[in-house]
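This report concerns only the one structure given below.
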Amino acid sequence: MQLRFLSGLLATRARRAPMPRARAPRRRPVLLVPLVLLVPLVPAAAGCAAEAKPPGDRHPPGTVLRVPADFPTVQRAVNVARPGDTVLIRPGVYHESVRVAAERVVVRGTDRNKVVLDGRLRLANGITVTGAGSVVENVTVRGYLANGVLFTGVTDERLQRRGAGGSAYDPLDTARFPPVRGFRASSVTAYNNGLYGIYAFDARGGIIEDSYASGQADSGIYVGQCKPCDTLVRGNTVERNAVGVEITNASEGLSVLGNRITGNRVGVTVNSNDLEALAPQHEAVIAGNVIAGNNAADTPEQADGGFGIGIGIGGGTKNQVVRNLVQGNHAAGILVTDVPGHPARGNRISGNRVTTNGADLVLSAADPGNCFTGNAPGTQRPGGLEDLAGCGTTRHGTVPAGSPEPVQPPPGIPFNTVPAPPAQPSLRDPAAPGRPAVGLPGTVDPDRYPLPADTTAMPRPRPAPAGLSR
C-alpha cells in the first residue's frame, strides 16, 4: 500500500517490499513464531496414500494426479506433474508451501471450502506459481506469513523469501526474471495471510476471478510490475483487508471489472512507485465495481495509515475509472494525487456514482490532464471540480488542489484474528478436465459492466453478444 493519510492529504512514503520477506510483518506480535520453511508435511486430514502405484514421471500428459490417493502431499504430486496434468486434491488440511514450476499444470481442490492449505503462521507462501500457463482453483489458502497464492516470474527462491523490489532492494531486473506468461486463479479463498491474498507480480496474460480475499495484512488482491499486464481481475469479493485491490506499476491491458470491494480500510489503490520496476503505472481500466464502506476498524492496520478511501490514484497515468458505485467511504470516494517523482496525469473519472463519501471527488494533482465528468458527486474538492476539470472542456488556469475529509485511522487488529469467511461457492464439476491458462485473458469488454444499482449485490456483466467470449 502506498497512499498514506497525513495532515488531511494523501502523501507517499516508501512501502514494504512487495515480495515476501523471511520475517513477520511489523507490529504483529502473534507472528514472532520463527519462519520455518520446511519440507511439506503430510496433511492432518488427508489419510494414507493408496496402495496402487501412483503415476510416475513418464505418465502420459493430461493425467489426473490425486492427493492423497496417489501422493501424500500436494508438493509431491506437483513435483511429477507434466504440462497438461491436473493435481486434484481431496478434502483435508495441508500444511505445505507448494511450488509449481511446471508449465500448464492445474492445481485444483475437489471442494473449495474443505481443501485447505494452512501455513499455521510458520510458512511464507501458500502456493507459488512460476510455471507458465499454470492454474490454482477451488482451494482455500490461509495463515501464511506472506502470500496466499503468488504468480511470479521470479524463480530465485532466495529472492522469493527475502524480497524482490521494495525499500531494501533495487527494482527487479526484468531481463533476468522475465514475467511468467499465463496464469489463472479461479474460485480461490485467501484469508488471514501476512501480506497479500492473491498476488500477481512480474506476471502477465492472466485472470484472477470469482475469488474471495479477507484478513490480509496488506492487500487482498495485488497486481504489480507488469507491462503489458494483459490481466483481468473480475467477479471477486474483497473485504476486511488493509487494502482491497492494489495496482502498482501495472500497466496496459489491466482491467478490474465487476468486483465487490467493501469493508476494507482502503478500497482500491493505483500507484506509481520507484521501488519496483516499470514505473510509471498507466492505462488500467476500473469499471463496474462496488467500492463501498471502506472504513472497517476490525481490519489489519494498514502500514502507511490509509483509511476511509474508496479509490486512490497516486501518480497513476491515463487510467479510466468508469461506472463504479463508490459510496460511504469516510475520507474520500475517488482521490487523484501526485506522488514524489510521479505526477498523476491523464486520468479520466467518468460516469461513476460517487455519493455519501467524506469528500466524493478529490483532485490534488497539479497536471491539468486529469478530468472528471458525470459522476453525480455531492462534495467536490476543490468546489466545482467537474466544471473546473471536466472531460472535453477547455480549461483556464490551474485547478486548485483539494483534500479529502480528515479522518483519524482507528487501531487495527492482528490479521490472523479477522474472523474466517463464510463458505464460498465451489466449482460445479471439480472432476472436469483441467483448463490451463493459455491465451488469457481473451476478449475483455469493459462496456459490458454497467454501473451497479446498489452496494448489496455482486456486480455482474451484461450477457456477451453472440460469438464474443467472456
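Here the 3J(HN,Hα) profile of region 340-355, calculated from phi with Karplus coefficients 6.51, -1.76 and 1.60 at θ = phi - 60°, is x, x, 9, x, 6, 9, x, 7, 10, 10, 8, x, 8, 10, 10, 9 Hz, Gly and Pro shown as x.
With all pairs of different C-alpha atoms in the average, the Kirkwood value for the hydrodynamic radius of region 60-125 is 12.0 Å. One chain, two ends: Ala420 and His59. Fully extended at 0.36 nm per residue, the span grows by 126.1 nm beyond their Cα-Cα distance. From the Kirkwood radius over Cα pairs of region 385-470, Stokes-Einstein at 4 °C and 1.567 mPa s returns a whole-number translational diffusion coefficient of 65 µm²/s. Extension gain for Thr398-Ala101 works out to 101.7 nm (0.36 nm per residue, less the C-alpha to C-alpha distance).
Karplus-based coupling profile of region 357-369, in residue order and whole Hz: 9, x, 9, 5, 10, 9, 10, 10, 9, 7, 5, x, x, with θ = phi - 60° in 6.51 cos²θ - 1.76 cosθ + 1.60 and x standing for Gly or Pro. Which shape class, rounded, prolate or oblate, goes with region 221-305 when its Cα gyration tensor gives a ≥ b ≥ c as root eigenvalues, a/c under 1.5 marks rounded, and past that a/b bigger than b/c marks prolate? Taking the square roots of the gyration eigenvalues as a ≥ b ≥ c, region 221-305 is oblate.
Mean separation of Cα pairs under 8 Å and 6 or more residues apart, divided by the residue count, gives region 246-332 a relative contact order of 35 percent. Rounded to the nearest 0.05, what FRET efficiency is calculated for Asp173 and Cys391 with R0 set to 51 Å and r the Cβ-Cβ distance? Between Asp173 and Cys391 the formula returns 0.85.
For the listed peptides 71-82, 56-67, a ranking on the average number of other beta carbons within 10 Å per residue, highest first, reads 71-82, 56-67. Estimated at 0.36 nm per residue, the fully extended path between Val438 and Asp367 surpasses their Cα-Cα distance by 21.6 nm.
Read the figures in this text as sums done on the coordinates, not as results from a lab. The model shown is predicted, which means the values in this text are computed figures rather than measured ones. Methodologically, a virtual Cβ is constructed for each residue, glycine included, from the backbone with ideal geometry; neighbour enumeration extends over all protein chains shown.
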